[in-house]
Amino acid sequence: MFRIIKKSLKKGRVTGQYPESSVPAPEVSDATRSKAKLFHRSLSIREVDTGSCNGCEMEMNALMNPIYDAERFGIHITASPRHADALAVTGPVTFNMEKPLKDAYRSTPEPRLIVALGDCAIDCGIFKNSYAVTGPVEKHIPVDVKIPGCPPRPNEILDALLTVLGRRKKE
Amino acid sequence: MDNLNEIVQEMVKTFKDQILDLEQIQGIPVFYFEKEDILEIATYVYKTPSLRGTLSLQWAADLNPIKPVCRVYYLFSLESGGHWLILAIDLLEEDRLFPSITPRIHAAKWYEREIRDMIGLIPVGHPDLRRLVRHEHWPRGTHPLKKDFPWNTVLERREGTYAYRHIEGEGVFEVPVGPIHAGIIEPGHFRFSVAGEPIMQLEIRLFWKHRGIEKLFENLSLINGVSLAEKVSGDTSFGHSLCYCQAVESLLSVEIPPRAEYLRTLFLELERLHNHIGDVGAICSDAAYSLALAHCNQMKEQIMQMLDRLAGHRFLRGVNRVGGVAVDLDSSQLDGILAGLAKIEEDFKELTDLLFSNASLIDRLETTGILKEQTARDYGVVGVAGRSSNINRDIRRDHPFAAYRHLNLKVPVYQYGDVRARVRVRVDEIHEAISIIRQVCGRIPKGPTYIEAISSATRGRWALSAVEGWRGEILYFVMAGENGRIHRCKVRDPSFVNWPVLQDVAPGNIIPDFPLINKSFNLSYAGNDL
């Protein structure tokens with residue numbers, strides 16, 4: 001135990017040891033920006049998977065690891081849509097998940113931000129028009145922010161979320 | 001191989017009147033029977049001490065327009081030498097009934113329900129004919145894998161309810177969980193029946209994420225299927241695409257260059273490594289030990305960033321292609337991998353010493369979620385879960401693919417089948433993976449990494465391939481269609497086999513231990529639901 005503590009002390013901080021995102025941050029409309037303003041210092045996100053390949057989930061999980069540590073920006077994951085400020089929806093909406101998605105949407109208090117995370121959530125990707133897929137997230141609930149990528153890297157997700165919150169330095 | 005010949009001759013002698021046809025495809029004997037005989041013969045393969053076949057896969061293919069039949073295949077992995085053996089029956093045109101083997105071979109239970117949902121063949125005598133893939137709101141008569149079902153059909157929503165099994169009695173109540181869970185995980189529905197604390201019954205309902213992957217494959221050409229295979233289960237992108245590529249390569253008789261084989265082995269082990277390390281951390285975190293989670297997540301992230309630098313994708317997408325790999329590594333990159341892994345190995349060793357000497361953690365892990373060896377055999381459990389319940393199977397050793405036949409490999413096997421055993425298997429496999437990567441870096445031959453696949457396969461020909469992914473064995477059956485397209489692609493993620501066994505493992509444990517048990521199996525919803 002002491003060896004590990006000693007090692008951690010010697011190692012110093014690991015947070016922030018990731019390359020800068022090379023993808024331009026998504027466009028954010030004024031309406032979304034003013035909605036996001038309310039949450040200024042914190043953002044509770046509920047993740048809803050409607051049929052992804054679980055790549056996006058892994059990257060969302062990575063967002064919480066000590067290296068990205070999204071919590072330092074007040075971004076955290078909540079267990080219930082009722083506590084959420086934002087829904088992050090991943091994957092094309094499958095025939096079987098359409099109703100649970102709408103339920104989660106209705107349970108989220110207003111004002112709410114809806115984030116379509118990953119290419120599949122934005123336009124169904126490779127699953128487009130399949131009999132088992134009923135369309136992108138946008139078709140079922142209004143989407144405020146789109147974060148493209150298959151899957152988007154954690155630094156890209158973080159970058160996009162900070163842009164939405166208006167906390168990213170302007171270039 | 002002699003051994004397999006003996007087995008085939010023995011089978012021919014025993015059933016000479018019943019065998020309609022016998023062929024060898026890729027060295028796998030395929031026996032054709034009348035459908036009435038299948039129960040007897042499958043039971044023979046399953047029970048006979050010299051064979052002891054585990055049902056590894058059961059699937060059906062609509063052979064129209066090649067032939068007006070639906071064919072059901074049964075793939076058995078034999079205990080002796082790990083040989084494969086396939087039984088097959090044909091159902092002519094309008095015939096939809098075939099005898100269920102589930103009453104004798106438990107492992108067939110979900111396969112037969114799946115066949116009924118997807119192709120509309122009815123396993124007569126199956127004890128549980130509720131819908132599996134098609135949820136209750138699907139219209140009647142929707143069988144997506146039939147050839148006359150257009151892939152882009154828009155389904156109409158119907159009303160309907162799923163009949164859960166109920167336990168009734170004083171003080172018994174049900175705890176429904178999902179489909180949307182509390183963490184960042186995939187959707188699935190669990191229904192616990194409890195009286196007091198212990199779970200009396202668990203019913204798992206999945207297939208919320210059914211995306212129609214097997215049907216989408218039928219729109220693609222053999223060469224282009226790789227990108228879809230990568231999206232079957234994101235965390236196993238490389239394992240799935242490798243398995244798909246191998247099937248297509250043996251279908252097109254392509255021999256890939258040795259350097260590509262070594263690179264595939266390297267990447268597969270790196271994928272295993274980061275997933276296993278992440279799992280060890282997540283299991284500890286479910287036992288409320290977050291120090292381990294923080295350390296493991298750090299190591300996992302380091303490996304994933306390394307993959308991003310090496311291959312341009314954190315999940316290794318776009319690396320595999322039919323005929324080899326699209327990424328080559330130079331010697332300085334290989335040295336970089338070794339240096340990175342040496343540090344990770346040292347850190348991980350220190351962490352595991354700490355974990356296994358932590359009494360409060362071990363108390364949570366030991367005797368929790370015991371999977372008995374017999375139960376595991378009945379279900380045909382594969383991968384980490386199997387090896388922690390004394391099932392000594394590993395495709396890397398039993399059916400060597402890529403460069404594994406040139407490498408030394410130890411397969412860790414534990415007996416207790418509890419969460420601790422599953423953690424131990426993972427820890428041992430992490431060290432083993434690092435050792436394999438070292439061997440690969442030391443022996444990798446020079447040469448090209450890719451060979452152009454030109455020949456096309458005659459329609460109706462098929463190939464089977466297996467890969468030991470980090471979760472367990474992945475199987476692909478690919479049948480060629482017209483003009484280099486896919487006629488049928490059956491995908492089996494290890495999760496499909498291991499999910500139902502959770503229903504047997506959970507009873508007797510308390511609900512707060514269930515996340516721990518579930519995590520120690522860590523099954524994919526996406527790979528299962530397809």
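Points worth noting:
- Residue in the range A:83-103 that is touching a Lys or Arg at 6+ places or on another chain (Cβ under 6 Å), open to solvent by 30 Å² or more (accessible area, probe 1.4 Å) and of a type outside the set (Val, Ile, Thr) present: no
- Reported count of residues in the range B:89-101, each being open to solvent by 10 Å² or more (accessible area, probe 1.4 Å) and in contact with a helix residue (DSSP H, G or I) (Cβ under 7 Å, 6 or more places away or on another chain), is 1.
- Odd one out for A:Ile67 among (1) aliphatic (A, V, I, L, M); (2) at pLDDT below 90; (3) over 14 Å from the mean Cα position of the chain (by Cα): (2)
- If you filter the range B:318-355 down to residues that are among the charged types (D, E, K, R) and either open to solvent by 60 Å² or more (accessible area, probe 1.4 Å) or in contact with an Asp or Glu (Cβ under 6 Å, 6 or more places away or on another chain) (or both), you find that the one that is nearest to B:Ile303 (Cα to Cα) is B:Lys343.
- Selection within the range B:11-49 - open to solvent by 50 Å² or more (accessible area, probe 1.4 Å) and polar (S, T, N, Q): B:Thr14, B:Gln24, B:Gln26
- Condition met for B:Val124 (within 14 Å of another protein chain (Cβ to nearest Cβ), of a type in the set (A, V, I, L, M, F, W, C) and either touching a helix residue (DSSP H, G or I) at 6+ places or on another chain (Cβ under 6 Å) or open to solvent by 50 Å² or more (accessible area, probe 1.4 Å) (or both)): no
- Strands (runs of 3 or more DSSP E) (entirely within the range A:113-171) containing at least 1 residues that are under 18 Å from B:Arg317 (Cβ atoms), within 16 Å of the chain's Cα centre (by Cα) and within 14 Å of another protein chain (Cβ to nearest Cβ): A:113-117
- Matching entry among B:Gly472, B:Gly508, B:Gly442, B:Gly447 (being closer than 30 Å to B:Leu338 by Cβ, of a type outside the set (A, V, I, L, M), at pLDDT 90 or above and open to solvent by 20 Å² or more (accessible area, probe 1.4 Å)): B:Gly442
- Selection within the range A:114-163 - charged (D, E, K, R) and more than 18 Å from A:Glu20 (Cβ to Cβ): A:Asp119, A:Asp123, A:Lys128, A:Glu138, A:Lys139, A:Asp144, A:Lys146
- Residue-level check: of (1) over 21 Å from the mean Cα position of the chain (by Cα); (2) surrounded by 14 or more Cβ atoms within 10 Å (Cβ to Cβ), B:Arg211 misses just (1).
Each row is one residue, and each column tells you yes or no for (1) within 19 Å of A:Pro148 (Cβ to Cβ); (2) facing another protein chain (nearest Cβ under 8 Å); (3) under 14 Å from the mean Cα position of the chain (by Cα).
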| site | (1), (2), (3) |
| --- | --- |
| A:Arg41 | no, no, no |
| A:Gly51 | yes, yes, no |
| A:Asn54 | yes, yes, yes |
| A:Ala84 | no, no, yes |
| A:Pro92 | yes, yes, no |
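- A:Glu47 meets the conditions (1) away from chain B (no Cβ under 13 Å); (2) among the acidic types (Asp, Glu); (3) surrounded by 23 or more Cβ atoms within 10 Å (Cβ to Cβ) in every case but one. The failed one is (1).
- If you go through the range B:179-198 and keep only what is within 14 Å of another protein chain (Cβ to nearest Cβ) and either touching a Ser or Thr at 6+ places or on another chain (Cβ under 8 Å) or of a type in the set (Val, Ile, Thr) (or both), you end up with B:Ile180, B:Ala182, B:Ile184, B:Ile185, B:Glu186, B:Pro187.
- Filtered residues of the range A:1-39 (kept if among the polar types (S, T, N, Q), within 13 Å of chain B (Cβ to nearest Cβ) and either closer than 30 Å to B:Ser357 by Cα or open to solvent by less than 40 Å² (accessible area, probe 1.4 Å) (or both)): A:Ser8, A:Thr15, A:Ser21
Per-residue answers, yes or no, for (1) modelled with pLDDT under 90; (2) of a type in the set (A, V, I, L, M, F, W, C):
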site: B:Gly141; (1), (2): yes, no
site: B:Val172; (1), (2): no, yes
site: B:Pro176; (1), (2): no, no
site: B:Ile184; (1), (2): yes, yes
site: B:His210; (1), (2): no, no
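- Conditions (1) small (Gly, Ala, Ser); (2) at the interface with another protein chain (Cβ under 8 Å from one of its Cβ atoms); (3) surrounded by fewer than 18 Cβ atoms within 10 Å (Cβ to Cβ); (4) at positive phi; number of the one not met by A:Ser80: (4)
- Scanning the range B:186-203 for residues that are of a type outside the set (Lys, Arg), out of contact with any helix residue (DSSP H, G or I) (no Cβ under 6 Å at 6 or more places or on another chain) and either part of a helix (DSSP H, G or I) or closer than 28 Å to B:Ile115 by Cβ (or both) yields B:Pro187, B:His189, B:Phe190, B:Gln201, B:Glu203.
- Cβ pairs under 8 Å, 6+ apart, first in the range A:57-73 and at the interface with chain B (Cβ under 7 Å from one of its Cβ atoms), second open to solvent by 10 Å² or more (accessible area, probe 1.4 Å) and among the aromatic types (Phe, Trp, Tyr): A:Ile67/A:Tyr18
- Flag if B:Ile25 is over 27 Å from B:Pro103 (Cβ atoms) and hydrophobic (A, V, I, L, M, F, W, C): yes
- Scanning the range B:283-293 for residues that are part of a helix (DSSP H, G or I) and surrounded by fewer than 23 Cβ atoms within 10 Å (Cβ to Cβ) yields B:Ser285, B:Asp286, B:Ser290, B:Leu291, B:Ala292, B:Leu293.
- Of the residues making up the range B:285-304, those that are more than 17 Å from B:Glu269 (Cβ to Cβ), facing chain A (nearest Cβ under 8 Å) and at pLDDT 90 or above are B:Ala294, B:His295, B:Asn297, B:Gln298, B:Glu301.
- Restricting attention to the range B:352-411, the residues being among the β-branched types (Val, Ile, Thr), in a helix (DSSP H, G or I) and touching a strand residue (DSSP E or B) at 6+ places or on another chain (Cβ under 9 Å) number 1.
- If you go through the range B:219-242 and pick out every residue that is surrounded by fewer than 19 Cβ atoms within 10 Å (Cβ to Cβ), more than 24 Å from B:Arg314 (Cα to Cα) and more than 10 Å from chain A (Cβ to nearest Cβ), you end up with 1.
The values are calculated or read from the model by the stated rules, or taken from the named source; none is laboratory data. The shown structure was predicted, so the numbers you read here are calculated from the model rather than taken from an experiment. All Cβ positions, even for glycine, are placed from backbone atoms using ideal geometry, and neighbour counts span all protein chains on display. Calculation scope for accessible area: heavy atoms of the full protein, side chains included, ligands and nucleic acids excluded. Shrake-Rupley method; radii C 1.70, N 1.55, O 1.52, S 1.80 Å.
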